[in-house]
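We did not get these values from a lab; they are worked out from the coordinates using the rules stated. Please read all numbers here as calculations on a predicted model, not as lab measurements. Virtual Cβ from ideal backbone geometry, glycine too; neighbours counted across all protein chains shown.
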Amino acid sequence: MRYRSTKRQAPLTSLRGAVLRGLAPDGGLYMPVEIARHSPDELEEFRRLPFTEVCFRVVRPFVGTEVPEEVLWQLVSEAINFPVKLVSLSPGLHILELFHGPTLAFKDFGARFMARLMGYFVRGETRPLTVLVATSGDTGSAVAHGFLGVPGIRVIILYPSKRISEAQEKQFTTLGNNISVLEVSGTFDDCQRLVKQAFSDTDLNRRAFITSANSINVGRLLPQMFYHVAAYRQLPVASVPLIVSVPSGNFGNLTAGIFAKRIGLPVARFIASTNANEVVPEYLRTGEFRPRPATATFSNAMDVGSPNNFPRLLDLCRNRLEYVRREIWGHGATNEETLLAMKSLYERFHYVADPHTAVGVLGWEAYRHTHPEPAQGLVLATAHPAKFADVVERAIGSAPPLPDRLAAYLQRQKLSVPMSSRYDDFKQLLSTH
Ligand SMILES: *Cc1c(COP(=O)(O)O)cnc(C)c1O
């Protein structure tokens, strides 16, 4: 499969080129040049075949001949080794739990698959590939766990000292092996600046083989189609039009949903469910896209004021507002509404939702309110409620217990190395590592 840039000013490249580069040289995002539809018969088969087989068939056309089939099979089965659970709260409202992976958030799908794909693509390289990531919390743990033990790759994670919770910190600073962590005395913006500066440092790039693992990488999007297929396999009634509500920040998750629709999955419409950072719902309402600094909310993994996958959404809708509107409906929820939705889900269904999932439920409810025609809602549950225990406690009066695999990290020793926020220190560390 060939990949092109959304800006169409860069040469076509292979999947390997797109995954190792991340961003296209013209500043655009990589897209497959074509997306092939599966026939209705094949889709019907998707309901019966083992899930690994289905994931393999979904991703294979996007990989083409670049990865041998037996390697791709192994890659898929190792990456997606945890369940996707569908919980039907009522005949018309289903929750798709995507948080049963090692870091209890949906980012495990993308990070685990991309790490293994990169691992394959750097085989035979003489220099190890260094993946640099700046994190303010959750991305760091998904990426660290995804790459843990992948041969030929070392990961360096930068995070702002004392600005993230202990539970978050322990999840990625205690792993060791090929995961190094720098605890920067500075802010998240300092961490991001250091990483950006490293990528534009020609001297460093001549000597070291470095790349990034952020959410614009197409290698993270492809495996996010898998769980849309998982939902399709488990829905009790397939004949009622399906509306998929996606709690969104950078819009990678929703972009992957549209990919899944393009390969043939029956989705009537997507809902862009955001918190107060409602740049995309506003665009859908007014036709104007106005990125701006993010505001802090309870669903902080979606505190994004300049969604980086937006060019892909436009591209998939032929850059026409009317097509985007046909595909996506938008809704922004406030903090108060989020708490009330968590409370109401608990009281009505005994369901404990994290704040991101609650934002998704609010999007679906707002849609249903204005669209009376028959439909069933599928809300993507993006994080385990225990990851946001303080907000859950505020909403329902008690905190969900920490799952064992998260609690175990709290006992472990932090292995991070303290560092200043000066680029010279960072470069020195990178060069001697
Ligand atoms: C990253 C994240 C999101 C937002 O996903 P995007 O693909 O950036 O839109 C939503 N919920 C949780 C819990 C996340 O970690």
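Miscellaneous remarks
- Value of Rg/Rh across region 364-433 [Cα atoms, Kirkwood radius]: 1.27
- Cα centroids of region 261-313 and region 110-170: 26 Å apart.
- Springs join every pair of Cα atoms under 10 Å in this Gaussian network model of the chain, and among G22, G137, G64 the largest mean-square fluctuation is at G64.
- Across region 338-433, the mean sequence separation of Cα contacts (distance under 8 Å, 6 or more residues apart), normalised by length, yields a relative contact order of 25 percent.
- Within region 346-430, none of the chymotrypsin sites (Phe, Trp or Tyr not before Pro) combine a DSSP coil assignment with at most 13 other C-beta atoms in a 10 angstrom radius.
- Between T370 and Q9, the modelled labels are 3.5 nm apart [label points 7 Å from Cα along Cα→Cβ].
- Sparse-neighbourhood loop sites, GluC sites (Glu not before Pro) in region 244-311 - DSSP loop, at most 13 other Cβ within 10 angstrom: E288
- Phi-based couplings in Hz for region 168-183 (Karplus 6.51, -1.76, 1.60; Gly and Pro marked x): 5, 4, 5, 5, 10, 9, 10, 7, x, 6, 8, 10, 9, 10, 10, 9
- The chain: most fluctuating residue of D138, D303, D201 per GNM, C-alpha cutoff 10 Å: D201
- Exposure rule at most 16 other beta-carbon atoms within 10 Å, DSSP loop trypsin sites (Lys or Arg not before Pro): the chain longest free segment: 164-317
- Backbone geometry of region 186-199 corresponds, through the Karplus equation with coefficients 6.51, -1.76 and 1.60 at θ = phi - 60°, to 3J(HN,Hα) couplings of x, 9, 4, 4, 4, 4, 5, 4, 4, 5, 4, 5, 4, 5 Hz, x marking Gly and Pro.
- Taking every alpha-carbon pair under 8 Å whose residues sit at least 6 apart, the chain reaches a relative contact order of 18 percent.
- Across the chain, Cα-Cα distances exceeding 27 Å account for 51% of all pairs.
- Mean residue ellipticity at 222 nm, helices only, the chain: -12500 deg cm²/dmol; runs of at least 4 DSSP H residues each add -39,500 (n - 2.57), and the sum is divided by the number of residues.
- Residue of A36, A353, A333 that the Gaussian network model of the chain assigns the largest fluctuation, springs spanning Cα pairs under 10 Å: A36
- Net charge of Cβ neighbours under 11 Å - reference A381; Lys, Arg +1; Asp, Glu -1: -1
- Each part reduced to its alpha carbon centroid, region 389-433 and region 173-194 end up 10 Å apart.
- Of the residues H369, V84, F147, the one whose Cα sits farthest towards the positive end of the charge dipole of the chain is F147 (charges of +1 on Lys and Arg Cβ, -1 on Asp and Glu Cβ, taken about the Cα centre).
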